[in-house]
Amino acid sequence: MNPVKRMREEKGWSQAECADCAGISQQHWSYLENRPEILNILYAGMASLAKGLRTNYVGLLMERRKDAVAVEEM
């Protein structure tokens, strides 16, 4: 079963309540319930974004460390 629909049924919420909570229109919520494959695309996009942000953050930390070492050596 679609995880979006399962979650809604477990909570006992209507589509309108779920859409309001998620900050989307009821039409978009219905679309997510009827097209579960779109969730895989969203999850993959979020995972890719998180990986990119983590990589950039580690790179930033490494640059700061290099700068700190350079200042200490002066």
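The values are calculated or read from the model by the stated rules, or taken from the named source; none is laboratory data. Nothing here was measured: the structure is a model prediction, and the numbers come from that model. Backbone-built Cβ (ideal geometry, glycine too); neighbour counts: all protein chains shown.
Observations
- Candidates W29, W13: the one that is of a type in the set (F, W, Y) and touching a residue at least 12 places away in the same chain (Cβ under 8 Å) is W29.
- If you go through the stretch 18-48 and keep only what is among the aliphatic types (A, V, I, L, M) and either touching an Asp or Glu at 6+ places or on another chain (Cβ under 8 Å) or not in a helix (DSSP H, G or I) (or both), you end up with just I24.
- Restricted to the stretch 6-17, and to residues there that are modelled with pLDDT of 80 or more and part of a helix (DSSP H, G or I), the residue that is surrounded by the fewest Cβ atoms within 10 Å (Cβ to Cβ) is E10.
- Residues satisfying the criterion are present in the stretch 35-46 (criterion: exposed (fewer than 10 other Cβ atoms within 10 Å of the Cβ) and at pLDDT below 75).
- Here the stretch 18-33 is the region considered, the condition is being surrounded by 13 or more Cβ atoms within 10 Å (Cβ to Cβ) and hydroxyl-bearing (S, T, Y), and the residue that is modelled with the highest pLDDT is S30.
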